Amino acid sequence: MNFVYDDEELLEPYEWQDDDSYEEIENAPLYHVSTKQLHDFLYAKFYQFSGTDGIFIVGDGHYCFVVDIKNHTIVRRGTFSWQQRQQINDILKQEPITFFQYQIKDEAYDKEFGLTRNERLKKMCLEEVIDEIFVVRYDVFLEICQQFHIEGENPSEKYLALKHKIEKGYTSLHELLYKELVQKG
């Protein structure tokens, strides 16, 4: 299993790298949870979690992963290989749904699946640089808008139009902007 800490995105098997944190777990309780609770386990920071501390598997029969809870807080999450995930989902579908009580302290953004780890990192960096140049280097921002035919009546509209163009996926536009703004920066 491939573990990441609470402040990191859960990695799918196609994103695993040799230097990731892998652990073998012989035995862990399985809990069939609703899709909403699975989403909370995936993206939320809990407090006052009613379950016990430890490592266990949560899934809704379609997607599953491991959570490591200490002091009633999720500290790590982990994913399985494709084959292990399918086997676990088959078992979970036969189990009754368990409901946990907890309060959500904070919630992370939903992960955009289908991108590689490198593409996600480049995209996050690009979004931060665009925010920075809009505020600090507005002349560069206007050049980028002109170069990529970003239209708008005022600065806010241009900013929102550019952010909308890079909102989903990772395309050649993302790569061009990354090279122009980050690498040449």
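The numbers here are math on the coordinates, done by the rules we state, and not lab data. Here the structure is a predicted model, which means the values were calculated and not measured. Positions of Cβ are backbone-derived with ideal geometry, glycine not excepted, and every protein chain shown enters the neighbour counts.
Going toward the positive end of the dipole of the chain, with +1 on Lys and Arg Cβ and -1 on Asp and Glu Cβ, which of HIS149, THR79, THR116 do you reach last?
Going by the charge dipole, the pick is HIS149.
Which links in LYS105/LYS179; LYS105/LYS168; LYS105/LYS158; LYS158/LYS179; LYS45/LYS122 stretch past 29 Å when you go from one Cα to the other? Don't jump to the answer; show the numbers that get you there.
Numbers: LYS105/LYS179 37 Å; LYS105/LYS168 27 Å; LYS105/LYS158 34 Å; LYS158/LYS179 20 Å; LYS45/LYS122 25 Å.
Correct reply: LYS105/LYS179; LYS105/LYS158.
Multiplying the sequence separation of THR116 and THR52 by 0.36 nm and subtracting their Cα-Cα distance, what value in nm do you get?
19.6 nm
Can you give me the angle between helix 117-136 and the longest principal axis of the chain, using Cα atoms only, in degrees from 0 to 90, rounded to the nearest 10?
Result, in degrees: 40.
Hey, can you grab everything whose amide H is under 5 Å from the amide H of ALA44? Only 5+ residues off in sequence or another chain; H modelled, so Pro and N-termini drop out.
Result for ALA44 returns ALA108.
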